[in-house]
Amino acid sequence: QVQLVESGGGLVQPGGSLRLSCATSCISFSIYAMGWYRQSPGKQRELVATITSGGITNFADSVKGRFTISRDNAKNTVYLQMNSLKSEDTAVYYCKAVRVSAIYWGQGTQVTVAS
């Protein structure tokens with residue numbers, strides 16, 4: 001069983017930045033594809049960004065140019081750097097780990113963008 005723990009959420013003003021972290025104790029972290037998803041009240045969970053085990057990244061159009069995703073396999077951690085935040089980025093952000101048919105989710109961290 002892979003446990004994922006997100007951190008770094010909070011309240012930030014529009015135009016501000018936050019960095020989310022997702023840490024796991026899984027010793028085979030490096031072979032997992034990782035991703036960040038978000039869910040706002042009344043909306044479906046949506047993809048924000050993904051990174052493969054080889055470091056290939058993919059982003060939702062709504063965050064391209066503002067968000068970056070990275071991973072540190074030595075620390076078993078994946079990051080989401082969020083810049084130029086907008087009110088519409090307000091959501092609970094979830095970390096996801098995938099390997100073949102195994103899928104794991106974190107509990108989520110709240111990000112609120114408001115003045």
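The values are calculated or read from the model by the stated rules, or taken from the named source; none is laboratory data. Please read these numbers as outputs of a predicted model, since none were measured by experiment. Note that we place each Cβ from the backbone using ideal geometry, even for glycine, and neighbour counts take in every protein chain shown. Areas reflect the complete protein model, heavy atoms only, side chains present, ligands, DNA and RNA absent. Shrake-Rupley method; radii C 1.70, N 1.55, O 1.52, S 1.80 Å.
The one condition from (1) under 17 Å from THR24 (Cα atoms); (2) open to solvent by 40 Å² or more (accessible area, probe 1.4 Å); (3) out of contact with any helix residue (DSSP H, G or I) (no Cβ under 8 Å at 6 or more places or on another chain); (4) among the charged types (D, E, K, R) that ARG45 does not meet is (1). Of all residues in the range 79-96, those being closer than 14 Å to ALA49 by Cβ and among the small types (Gly, Ala, Ser) number 1.
Kindly indicate whether ARG99 is at pLDDT below 95 and not hydroxyl-bearing (Ser, Thr, Tyr). So ARG99 passes the test. Taking the criterion of being open to solvent by less than 60 Å² (accessible area, probe 1.4 Å), more than 14 Å from TYR79 (Cβ to Cβ) and modelled with pLDDT of 95 or more, the residues of the range 8-38 that qualify are GLY10, VAL12, GLY15, GLY16, ALA33, TYR37, ARG38. Scanning the range 54-80 for residues that are touching a strand residue (DSSP E or B) at 6+ places or on another chain (Cβ under 6 Å) and either within 17 Å of GLY106 (Cα to Cα) or among the polar types (S, T, N, Q) (or both) yields THR57, ASN58, THR68, ILE69, SER70, ARG71, ASN76, THR77, VAL78, TYR79, LEU80. Of the residues making up the range 10-27, those that are within 9 Å of SER84 (Cα to Cα) and of a type outside the set (S, T, N, Q) are PRO14, GLY15, GLY16.
With the structure loaded, tell me whether GLN3 is touching a Cys at 6+ places or on another chain (Cβ under 8 Å) and open to solvent by 40 Å² or more (accessible area, probe 1.4 Å) or whether it fails that test. Taking the combined requirement at face value, the residue satisfies it. Residues in the range 56-110 that are farther than 23 Å from CYS26 by Cα, among the charged types (D, E, K, R) and open to solvent by less than 40 Å² (accessible area, probe 1.4 Å): ARG66, ASP89.
Listed by first and then second residue, the pairs with beta-carbon distance under 7 Å, at least 6 apart or on different chains, first residue in the range 7-28 and farther than 15 Å from TRP105 by Cβ, second in a strand (DSSP E or B) and open to solvent by 40 Å² or more (accessible area, probe 1.4 Å), are GLY8/ARG19; GLY9/GLN110; LEU11/THR112; ARG19/GLN81; SER21/SER7.
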